[in-house]
Structure formats: structure tokens, C-alpha cells
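A short write-up of the structure that comes next.
The values are calculated or read from the model by the stated rules, or taken from the named source; none is laboratory data. All figures in this text were calculated on a predicted structure; none of them were measured in a lab. Reconstructed Cβ throughout: ideal geometry from the backbone, glycine too, with neighbour counts over all protein chains shown.
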Amino acid sequence: MAASRIVIENCAIATVDANDTEYASGYIVVADNKIESVGAGKAPENLENVVRRIDATGHLVTPGLVNTHHHFYQWITRGLATDHNLFNWLVALYPTWARIDESMARTAAQGSLAMMARGGVTTAMDHHYVFPQGSGDLSGAIIGAASDMGVRFTLARGSMDRSEKDGGLPPDFAVETLDGALSATAETVKKFHDASFDAMTQVAVAPCSPFSVSTELLKQGAELARSLGVRMHTHGSETVEEEKFCHELFGMGPTDYFESTGWLGEDVWMAHCVHMNDSDIAAFARTKTGVAHCPSSNARLAAGIARVPDMLKAGVPVGLGVDGTASNESGELHTELRNALLINRLNTEHREAALNARQALRLGTFGGAQVLGRADNIGSLEAGKLADFVLWKMDTLAHSSIADPVTALVFGAAAPVTASFVNGKQIVENNRLLFADEDQIARDTRAEAQRLARIAAGA
């Protein structure tokens, strides 16, 4: 059967390929769920089975944004503990989070996914690590929400087994047993992970953090992930308090500790990595361990400024992350392009040379694809890759007087999304979701936030 084709033309294009190829006016041809061709000028004539043509005059087309770190459930605990550092923030919120159930998890996932998707995210991920006993099928609920929204998705199946009685931060009732966590993680991978080229759902093994996970869970989690052929994710080097915690408990810093437990490698990515010395960055570069840079969350929790320019120079794969919306209430990734650029320029060593607009766009697209292990099929606009891309409207008041569209996208206000495509299928039109009712999601998330607050208050 002949492929169904969509033609997008008369648009500026930033391919984010290896050469940063750009076209002031060009076209994209999509055949079924893949990009068939990209180029300058008009699309080729005499294309067969063209089912749709889009005149994208006034638009910039980029690869879809790739989110590399998030906690969807936090959508229903936004706006709490707003003046806390990480450890105090976690202690304040763990007792509430430990009372979530399946309905809350699904609704919170819908809220988080909706906010990202309408802002240009085509590949999302969720690091979910809170599994209260009797709470239902939380992993299935989250994956179901992503499937309904039409986004490409990675579930990082998290876990915690180091509670307060063991010297960790989570309350005792908020953690799993070692065997329970490993068994449930393996079951989730076997049930949901798709290793195919155009997979819409993948699963990673993701013990939460050094201060909430035992050494044995890290070691056995790494062995499990590699035996199943899936990626690994955790939090690392986020705060000075974490650095102190690792030295006191393990006699070494976070990076050395992770390496000792099998948690450095090209199949691993870590969130934050704010407090990294030269040796840490060299270890990440040597092992090709990835980083999810979360500038807004790092600022919200006063964690510090990650050394992203140094990581990139060393060859560390770096993508962008929203992080949980209890530490980044906007829940948007497209604003992280701007925030990553601006916050990294506050680094007193690099200043205005820290990042430029195209480096910021690469972090949010191809960099994210690298970190998730999907650089061969998403993250840039190239023939043969999956058709995940965004049409940003750049001819409105907010952007029209900025000559360079990439500069306008990154430095300017959040650009309207005229259309967003995932796997060749449109999921957003004129900043509205096509497969979900945003107004209903808003009502549902508010109701679940209020229900969770009542339950936590009565505990």
C-alpha cells in the first residue's frame, strides 16, 4: 500500500541535525509515521498520495521537544513548600505524596502531559517512585494517560527502600521492600516496554536517589536493567546536602558512589547533576552517562547552577527536564529553553558565552533524544527519522520583529504552537489538544488536589 503523505512548506526549518542545517524557507514531507525528505524551497512535485498540504508561512518548524525528567504526580501538589531547599521540601511533601492512589496518579499525569504537549513536547517521561500499598496500578494509569494524549513516552519505574528508620528521608510507610521494588519493576518492564524503532512506550529502571534507596537496590536495579536491556535513571548530585549525605553515609561523593554500584554508563541518565567537580564530569564523559538539566527546578529549590557548558565541552550527553511540578509549577518544557540559556549565563566563569540559542534548542531536542537512548529515531528532522515535529507561529506581535526565528523561539516569549505531530499524527492544533479536554482536565486535577489535601490533613 502506498504511503500517505503530508507536506509542510513555506516555513523556516531548524533540523538540529549534526551540521545544524537550517532553511530560511523549506519543506518537510512525511510518509506515514516517518520523515521522507527535508529541504529548501518547495516540496518535490508529483508526490503520490498526498492527503494533506500545510502552508506554514510565518512558522518555524523544529523537532518536537523531548522531556528527560519529570514527576507527573506532583501536578496535584503544586504551590506547596515554596521557600524550602530540597531536603526540607521533600520532608514536607513526602507524607502527602505517600497517600496518592490510582485515580490521582492518572489525573495528575493528564495534567502534566497536557501542559507539556500543548507547548511542543512530543516525547515525555515520568520518574514515578511513590507506590503506597493498596494504591492500585499506578504505572498502568500513567502509561494509559500518555497513550490517550498521543505522546511518545518513557516511564522511569522508580522505587524507594531507604526510609527514616534506615537514615533516609521518606517516611517508613512510603517505601517498598527491596524484593518488592525489584519484582514490580521487572513486571512493569515486561508488560509495557517496547524496544521497536517507532515505540510509543518504553520503560526504564529508576531507583529514586542515594538518600532514599539502599546500596543493594541500586546494585540489583542496575543488574536487572541490563538483563532486560532497558535504560537506567536516578537523581544525582542535586544539592550540597546530598553531597554531604553521601560522604557521611558512604565515605565518598555521589559520582564515585554511583560508579561503585554500577550506575555510570551509556545506558544511564541522571537528573540535575548540579554539584559536579572536574573529576565527576570526566567520569560522566568517559562513560557517556547522560544528564537531565532542570534549570527552573534547580532555581526554585536553590540547588545551584549546573555546569552545562563544561559538560557539553567534555562530551556528556545533556537534555532538558521540567522536573516535578511541585518544584516547577509551570510544568512547561519550552520555557526551559530560555531558562537554561539565561541561568547558565549567570555562571561567573562562562557568562555570555555559556550557551547560545541553538545550543539551547539542541538541549531540548536532540540532546533529550540522546539521553533517552533514542537519538537514532527522534530529536532531529532528517529523512528516515520518526515524524515528531512542531510548527511554532513566529509572525505574531511577540516574535515578528526578531529576524532570526531560532533566536526568537529561545530568547522570546513562549511561542504559540500551531501544530504538533507525533509519529506522523497531529496532537495539537492552535495551542489546544486534539485528543483531550483541557477544561475537564483542569477540573479533574483541581478536585484530586483537594481530595489529596483532605486525606493528608486527616492522616
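For this structure, a couple of remarks:
- Taken together, S209, S279, S227 contain a single residue that is assigned to a helix (DSSP H, G or I), touching a helix residue (DSSP H, G or I) at 6+ places or on another chain (Cβ under 8 Å) and among the polar types (S, T, N, Q), which is S279.
- Residue among V291, V316, V322, V274 that alone is in a strand (DSSP E or B), in contact (Cβ under 8 Å) with a residue 12 or more places away in the chain and either crowded, with 18+ Cβ neighbours inside 10 Å or not assigned by TED's automatic domain parsing to the domain that holds V406 (or both): V291
- Elements of type strands (runs of 3 or more DSSP E) contained in the range 1-97, each with 2 or more residues being aliphatic (A, V, I, L, M) and buried (at least 18 other Cβ atoms within 10 Å of the Cβ): 5-14, 22-31, 34-40, 59-63
- Where helices (runs of 4 or more DSSP H) fall entirely within the range 101-201, those with at least 3 residues that are modelled with pLDDT of 95 or more and among the β-branched types (V, I, T) are at 178-192.
- Any chance S296 is among the hydroxyl-bearing types (S, T, Y), in contact with a helix residue (DSSP H, G or I) (Cβ under 8 Å, 6 or more places away or on another chain) and more than 27 Å from D198 (Cβ to Cβ): yes
- Of all residues in the range 364-420 being under 24 Å from V291 (Cα atoms), aromatic (F, W, Y) and not assigned by TED's automatic domain parsing to the domain that holds L155, the one that is surrounded by the most Cβ atoms within 10 Å (Cβ to Cβ): F389
- Count of the range 416-459 residues which are closer than 17 Å to T325 by Cβ and of a type in the set (D, E): 3
- Just one residue in the set S139, S163, S147, S183 is touching a residue at least 12 places away in the same chain (Cβ under 8 Å) and surrounded by fewer than 16 Cβ atoms within 10 Å (Cβ to Cβ); that residue is S147.
- Members of the range 428-442 that are surrounded by fewer than 21 Cβ atoms within 10 Å (Cβ to Cβ) and either assigned to a strand (DSSP E or B) or at positive phi (or both): E429, N430, N431, R432, L433
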